[in-house]
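None of the figures in this text is laboratory data; all of them are computed from the coordinates on show. On a predicted model such as this, the values are computed, not experimentally measured, just so you know. Don't worry about glycine lacking a Cβ; one is built from the backbone with ideal geometry, like all the others, and counts go over all protein chains shown.
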Amino acid sequence: MNGIHHAHEQHPFFVQAMHDHEKLHHEVEAIHQLLEHKVAGEINCEAVTTVTQLIDTLREELRLHFEREELGGYLEEALTRVPALAPQAAQLQKQHAEFLRLAEQMTADVNCGDQPAGIWTRLKGDYARFAKKLLAHEAAENQLLERAFNEDLGL
């Protein structure tokens, strides 16, 4: 026998889901850190434009991520394996549209004008609430996938 044989290989859907969730977590946290650590003197229209573009990019990545989960992806595969998880999966899927709406709402009609500090403060609060809910959502999805694929993530 050549090399090391793993007694238990992780399912490819599970591995991809965990990778996607980790990537999203890093992106969400990077925007959060940017919003939290800018000092008053650095907050200008350029900074507001940058952060709104990052949130818009995250929204598009979330849209694609949610599509992958819903359309023949992780959640469908999880339900094939453990149909009893259907109510929990349905509840999580319903939240997807709300996250996309909230992300769009944060950046809609942001016109810097002469109030960049006020806009920054609003974005900072709105984003903190959004990020907390999104990360809780992703953690719930991880738990569902862990149960479906019988993997122990050590979470």
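For the reader, a short list of remarks on this structure follows.
- Ordering HIS65, GLN88, VAL28 by the projection of their Cα atoms onto the charge dipole of the stretch 20-131, which places +1 on the Cβ of Lys and Arg and -1 on the Cβ of Asp and Glu, puts GLN88 at the extreme positive end.
- Under Karplus coefficients 6.51, -1.76 and 1.60, residue-wise ³J(HN,Hα) of the stretch 90-97 in Hz, glycine/proline x: 4, 5, 5, 5, 4, 6, 4, 4
- Pairs of Cα atoms farther than 22 Å apart, the chain, %: 48 percent
- Cα pair distances in the stretch 89-134, grouped into 10 Å bins until the bin that holds the longest one, percent each: 24, 45, 22, 8, 1
- Rounded to the nearest 20, the Cβ-based charge dipole of the chain about its Cα centre (Lys and Arg +1, Asp and Glu -1) stands at 400 debye.
- Charge tally around LEU71: other residues with Cβ under 13 Å, Lys/Arg +1 each, Asp/Glu -1 each, net -3.
- Among the lysines of the chain, pairs that are 8 or more positions apart or on different chains and have alpha carbons within less than 21 Å of each other number 8.
- Computed lengthening from ALA117 to ARG101, 0.36 nm per intervening residue step minus Cα-Cα distance: 3.4 nm
- Computed from Cα positions, the angle between helix 45-70 and the longest principal axis of the chain comes to roughly 20 degrees.
- A dipole drawn for the stretch 7-136 from +1 and -1 charges on Cβ atoms has a positive end, and of ALA128, GLN115, MET18 the residue lying farthest that way is ALA128.
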